[in-house]
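Just so it is clear, none of the values below were taken in a lab; they were calculated from the coordinates. Note that the structure is predicted; figures quoted are calculated from it, not measured.
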Amino acid sequence: MPRFIGQNGDFANQVFELTGQKLTVGRTPDNDLHLPDNSVSSHHAELNIEAGDFIVTDLESTNGTRVNGEKVQTAPLRQGDIARFGNVELLYESENSASLSPLPELRIGVPLDQSVSRGRPSHFTGALASASRPQSRAKGPWPLILGAVGLLAAGGVGYALFVMVTAK
């Protein structure tokens, strides 16, 4: 059976079993889900069952209705969603949607900088990636020593050329 579990304030850990096809949510006692909190409108929202889960519809409440932090007019509720009526947060639990996960929202016009791969994750340790890459980096102080010798040699050649050109 679907239910809400209070997440904050006076409603923390309070369980609200959602029975029936249509339920009202609000501050006044005539609602099916009575939430006596000043941030909740007297008739805040309505819950209608569809395919075993509820759809929440805001009833033009003063402080709005949110699902997972996003302000909604109408939205389906799925296992693990946080519904917020005013300042009252309720966790939605339902065995009907426990094995279902909603499809990702279709986004048209995604900026290119969000679609470009950022490379290999730092925690990636795939065997094929490391086995197929030859080890080309030298270890120890030798690269530094060879670089210094190369710079000194180039400087010496440059100085010799300078002396030859200016001596004439």
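Suppose the chain between residue 12 and residue 60 were pulled fully straight at 0.36 nm per residue; how much longer would it get relative to their current alpha carbon spacing?
14.7 nm
On the Cα set of region 1-96, report Rg and Dmax in Å, please.
Cα only, region 1-96: 11.6, 32 Å (Rg, Dmax).
Debye calculation, C-alpha points only, no solvent: report log10 I(q)/I(0) for region 7-57 at q = 0.18, 0.22 Å⁻¹, in the same order as the q values.
-0.59, -0.84
Determine the principal axes of the Cα atoms in region 29-77, then give the extent along each, sorted from largest to smallest and rounded to whole angstroms.
Per principal axis, max minus min of the Cα coordinates gives 31, 24, 16 Å.
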